[in-house]
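Undergrad: Attaching a single structure in structure tokens format; questions to follow.
Please treat every number below as a calculation from the coordinates, not as lab data. Keep in mind that what you see is a predicted model, and the values were worked out from it rather than measured. Every residue, glycine as well, gets a Cβ built from its backbone with ideal geometry; the counts of neighbours run over all protein chains shown.
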Amino acid sequence: MKEEKGTLVSIVMGSDSDLPIMKEAASILTEFQIPHELFLTSAHRSPERTSLFAGRAAGRGVKIIIVGAGMAAHLAGVIASQTPLPVIGVPLDSSASPLYGFDALLSTVQMPGGIPVAAMAIGKAGAKNAALMAIRILALEDENLRGKLDVYIREMADNVEKKQQEL
Ligand code: RP5
């Protein structure tokens with residue numbers, strides 16, 4: 001995993017053990033054809049790599065950073081403290097944690113005033129919504145993307161109707 005040219009959304013994670021969940025964000029971004037990258041770094045285990053990444057992201061054209069981390073999940077806050085870009089945090093239920101992601105949820109959502117992290121739900125739903133939130137932000141200035149988002153939302157509603165008929 002490395003920095004990719006032309007990336008609009010960077011998906012960062014604290015460990016390769018986070019990849020199975022964070023792939024969910026990548027698959028939504030792929031579906032919407034948003035150039036993205038997967039980047040591995042840890043707030044604790046590789047603090048210098050984390051700072052380098054955060055400091056360079058805006059300059060190389062990244063618009064939004066999605067960050068997944070488990071346990072004492074400092075990564076989103078640490079990155080947000082070193083970039084002006086919007087940071088969307090996904091708390092993860094790490095297999096190493098006995099707290100089922102509640103630890104990561106509080107670490108992600110409870111940012112002190114001044115440095116915002118937009119916190120999503122724990123796990124898969126959070127990873128999916130992080131990508132959809134990034135798409136909503138990008139769609140503010142991209143009509144074509146806005147059109148795709150409208151179709152996606154309409155299809156979800158149509159699906160509810162379909163499922164009603166199958167009950
Ligand atoms: C966090 O610690 C990572 O984001 C991961 O969710 C958790 C456990 O990491 P590993 O011990 O599986 O590498 O930093």
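Undergrad: Return the subset of 23/148; 5/148; 23/124; 128/163; 23/128 for which the Cα-Cα distance in this structure is over 19 Å, preserving the input order.
TA: Details: 23/148 21 Å; 5/148 24 Å; 23/124 9 Å; 128/163 21 Å; 23/128 9 Å.
In this structure, 23/148; 5/148; 128/163 lie more than 19 Å apart at Cα.
Undergrad: In addition: Under a 5 Å amide H to amide H cut-off, with H placed in plane at 1.01 Å, what residues pair with residue 70 once short-range neighbours are removed?
TA: Under 5 Å from the amide H of residue 70 lie the amide H atoms of 14, 92, each far enough along the sequence or on another chain.
Undergrad: Pairs of alpha-carbon atoms within less than 8 angstrom and 6+ residues apart define the contacts here; what relative contact order does the chain have, in percent?
TA: Relative contact order of the chain: 21 percent.
Undergrad: Quick one: which of 22-34, 43-55 comes out on top by average Cβ neighbours within 10 Å, and what's the full order, highest first?
TA: Working: 22-34: 18.5, 43-55: 15.5.
Top of the packing list down: 22-34, 43-55.
Undergrad: Moving on. Consider all pairwise Cα distances in the range 70-140 and report the whole-number % of them above 16 Å.
TA: Everything past 16 Å amounts to 46 percent.
Undergrad: Still on this structure, I have one more. Give the aspartates and glutamates whose C-alpha is closer than 20 Å to that of residue 2, dropping any in the same chain fewer than 8 places away, or say none.
TA: Candidates past the 8-residue exclusion: 16, 18, 24, 37, 48.
Undergrad: List, largest first, the extents of the alpha carbons of the chain along their principal axes, each in whole Å.
TA: Largest to smallest, the principal-axis extents are 52, 39, 31 Å.
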